[in-house]
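Presented below is the structure to which this report refers.
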Amino acid sequence: MLSVLPILILSSALIPITAEASASPSAARLQVLAEHPDWQNLLHIPKNGNTSEIENQSFFVADNGRTNAHAELIATLALFASDHPDTADHPQCRYPARFFWLQNQGLLENVAAASCSDFKDWAEVTRLESSSLIFADGFLGNPASFYGHLLLKNNTHADNFGADLLNNSLNFGASVADDENPVVYILKGLFGGYQATYSASHFYRYNLNYSEAELRDLWEYELNVTAEQAYLLAAHNWELLNTAYTYYFTHRNCAYHLGRTLELVLDEPIMSRNEPFVFPIAVVDRLVDSTITGEPAVKGIRHIESRQSRFRHKFLQLTELERSAAEEWVDSLGLEQSTYLNLTDASKARVVTVLIDYYEFLISQNRADESLKQLKNQVLLARMRLPAGAVAFSPSAATPPHEGMGGSMLRPHMIHNSEFGAGFDFTYRIAYYDMLTPDAGKAPNSALSMGELSLRWHEHRDIEVAKLWAVNIESMNINPTGLSGDGGRAWMLRGGWERNYLADAGQDLRFFVRGGLGKAWHVGSARLYAMVDAQINERDERGNEFALMPKLGFTYAFAGDQSKVRCETQFQQGNASNQWGFRCDARVSHGDDWDIRLGVAREDYTEGYMGISLYW
Amino acid sequence: MKKILSAGLLALTVSAISAPAEAQSDPFGGLNPWLDCGIGALIFPDHETVAAISNIIWDLGTTAVTSASVSPNSCNGNRIVAAQFVTDSYANLEEEIAQGEGAHLQAMLSLMQCETAAQPAVTTIRSNFADVMGNEEFVTLTQEQKAEALFYVTEAACTLS
């Protein structure tokens, strides 16, 4: 493989395009190649399958190429072996990965390489060095996405001047009209109503979109590939720009298809076509556990902080005096106060660097506010009056998302209820995390679950559905800096069906929707919140259909987040005495893919539980 | 909205640099990328709460950024790519110019083929663009107009360095 790439690159401009294939391979050899995992991956035929997941016929050379890898191989070889003008439509330019791979199998050795300048310019093949998988995490406090997203990036030489932002990246997405109705959007996303395609752009554009506009941290996982493997992947990415798929939000999404693309260079497949749900973090987890030619598949991890993360991270490194200067600057709307003026130039640079991030963060939340742009301009001018040079801040020490818990969960636990006695609860969650899940790879002080089902058994009751939450979102967007506009809002949204085993009027399974709004803040290591929840539900035995339920609560993490507790008290309008109820839940300990939970709750009745959670 | 520099700003920009004014008035050989190639800043989705709620579970391949740009064949080429980059990345660029270094600044100089003279050029850009930014009119400009001013200042600095 090592010798092929330079020849391929250098020969293209020198040799006229005359096709002369090497001796025809035997039928047995062709059969072996057609069943080779690489060829199957180039055609996106899943393991143990025989039909490509690429749906547009234009991607295939043979009429039956989508369902017959052998026929596609024969047709591809014939296509490459025939004469073609050296234009951008040359077959080698449409299928550079196929051509590269077939040459590496000892075929087409005498076929001259086409110029393919469009592809080579796009992939920057002479400078191509490696590839990366980019994970964009979710952020509950502000942006439009929680579950994360994946990109692929071609990497050119690291020492290339300003290269990384200009590297080409591959994105996978559904084609959605700008003015799509939200309900139609959801239904079509779930049930295959959209076509999905790949698109490519310079990495800086995705960086702008995700980390600057949507305030999402990016995590780059650089693949441990050779230059030749990086070429193969980049060439295949180019081919993928001419592919189309049916999009399903749950299982044929960016995570699934980029995972399938990565299999081209991985030693073993990481995706199964039968998984009902595929999440980006699961693909990252599997990649980290994979190998490429026997070596760990990932050779480096880079954290690209969002604008808000950068601002907060830097602000918390300021000295008390520097923080005071920053606060005075903000309070005085840009007037340089005495605290700032008395700082050293180095400290002034630290303060204005933080303020630049602060104002740009605020602008990202309100792009129409001209006064914010004026304030940012003032800070920039102040920075320009100081000596040039990067300001020292320590790098982020955030935990990479793959070290967090898996997306899906199973939690069996024992229960004792003062009314119903001993029991057993079996909870399954499709995704993603709750308030007590360790913070790695998730928005801190938040919960996001989709499809959480609990089955419960008590001695004198049948096995029954205790709850089916369609969605549960909670966000305690703490303001860690104290500066205006930097979080502080708490909100929640929950909907589905549930019974309330703590209230004498709540034991039938009822539909409900609950929303809450309030404020969250931190006191030392504790996170406090005060909210008012409003709920509508099917009428209960006491005739309740609507409830307003104020609540107060806190979370506290012990031993570096090894353990965490959450307690809250809430006015329970639906119970017998309309009293304040309370509950405390704790994660006692946790490993990579498990934790131990226990808790106690009281309204009309009292209940305690203990169990283990398993994640994958 | 007119996307080319106003006469006042052009004068302001030119006064901040020492290159001949006529070199700045026709930097693309008759082609103004902001006007003729439709270069515009990236348009980001609204992040109000309603939008956040409606989109929360739909990001597994549906988040998109759109661009106002169109690219007729005459608008291809490195300088147009550079103009688009400067427009898209303007917020990062003004920050890195204030600081005197940064990845976006490096990328811009790379696109404008100014790597070899990068350090003196950055010093010149920092000084000259501070003058441009200090003008009262500057904060009233659109992102595209600010990017255009920065482009001219950078091109002049690279030419002179």
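The values are calculated or read from the model by the stated rules, or taken from the named source; none is laboratory data. Computed from a prediction, not measured in an experiment: that's the story for all the values here. Reconstructed Cβ throughout: ideal geometry from the backbone, glycine too, with neighbour counts over all protein chains shown.
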What are the residue pairs meeting all of these: first residue in region A:178-199, first residue at the interface with another protein chain (Cβ under 9 Å from one of its Cβ atoms), second residue part of a strand (DSSP E or B), Cβ atoms under 6 Å, and 6 or more apart or on different chains? A:Tyr194/A:Ala174; A:Tyr194/A:Tyr247; A:Ala196/A:Ala174; A:Ala196/A:Tyr245; A:Ala196/A:Tyr247; A:Ser199/A:Asn171
What single numbered condition from (1) at pLDDT 90 or above; (2) away from chain B (no Cβ under 12 Å) fails to hold for A:Asn167? (2)
Within the bounds of region A:339-350, is there any residue that is charged (D, E, K, R), modelled with pLDDT of 95 or more, closer than 23 Å to A:Tyr204 by Cβ and not assigned by TED's automatic domain parsing to the domain that holds A:Tyr210? no
Go through region A:379-413 residue by residue and tally those that are of a type in the set (Ser, Thr, Tyr) and buried (at least 17 other Cβ atoms within 10 Å of the Cβ). 1
2 or more residues within 23 Å of A:Pro395 (Cα to Cα): qualifying helices (runs of 4 or more DSSP H) within region A:283-375: A:307-315, A:320-331, A:345-365
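Table: residues versus (1) charged (D, E, K, R); (2) within 16 Å of the chain's Cα centre (by Cα).
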| site | (1), (2) |
| --- | --- |
| A:Tyr210 | no, yes |
| A:Leu215 | no, yes |
| A:Val225 | no, no |
| A:Glu228 | yes, no |
| A:Thr246 | no, no |
Condition first: more than 9 Å from chain B (Cβ to nearest Cβ), within 20 Å of A:Arg252 (Cα to Cα) and surrounded by 22 or more Cβ atoms within 10 Å (Cβ to Cβ). Can you find one or more residues in region A:200-212 that meet it? no
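Do we have A:Ala78 as farther than 21 Å from A:Pro269 by Cα and part of a helix (DSSP H, G or I) here? Full working, then the answer.
Details: farther than 21 Å from A:Pro269 by Cα: yes; part of a helix (DSSP H, G or I): yes.
Judged against the criteria, A:Ala78 is a match.
Do any strands (runs of 3 or more DSSP E) lying entirely in region A:456-527 carry at least 3 residues that are in contact (Cβ under 8 Å) with a residue 60 or more places away in the chain and assigned by TED's automatic domain parsing to the domain that holds A:Leu410, and which ones are they? Give the steps one after another, and end with the answer.
Working: elements: A:461-476, A:489-498, A:510-523.
Those strands (runs of 3 or more DSSP E) span A:461-476.
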What about A:Ala174, is it facing chain B (nearest Cβ under 8 Å), at pLDDT below 85 and surrounded by 14 or more Cβ atoms within 10 Å (Cβ to Cβ)? no
Evaluation of A:Asp462 against (1) away from chain B (no Cβ under 14 Å); (2) of a type in the set (Asp, Glu); (3) closer than 30 Å to A:Phe315 by Cβ (one fails), failing number: (3)
Of the conditions (1) at the interface with chain B (Cβ under 8 Å from one of its Cβ atoms); (2) buried (at least 23 other Cβ atoms within 10 Å of the Cβ), the single one that A:Lys376 does not satisfy is (1)
Of the residues that make up region A:383-400, is at least one at pLDDT 95 or above, within 35 Å of the chain's Cα centre (by Cα) and within 12 Å of another protein chain (Cβ to nearest Cβ)? yes
Could you list, in sequence order, the residues of region A:71-91 that are within 21 Å of A:Glu35 (Cβ to Cβ) and of a type in the set (Asp, Glu)? A:Glu72
Got at least one residue in region A:497-508 being at pLDDT 95 or above, more than 26 Å from the chain's Cα centre (by Cα) and surrounded by fewer than 16 Cβ atoms within 10 Å (Cβ to Cβ)? no
Output the qualifying pairs, or none if there are none: Cβ atoms under 9 angstrom, residues six or more apart or on different chains, first residue in region A:69-92 and in contact (Cβ under 8 Å) with a residue 60 or more places away in the chain, second residue surrounded by 21 or more Cβ atoms within 10 Å (Cβ to Cβ) and among the β-branched types (Val, Ile, Thr). A:Phe80/A:Val111; A:Ala81/A:Val111
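Going by the structure shown, is A:Arg587 of a type in the set (Lys, Arg) and more than 27 Å from the chain's Cα centre (by Cα)?
Numbers: of a type in the set (Lys, Arg): yes; more than 27 Å from the chain's Cα centre (by Cα): no.
Criteria not met by A:Arg587.
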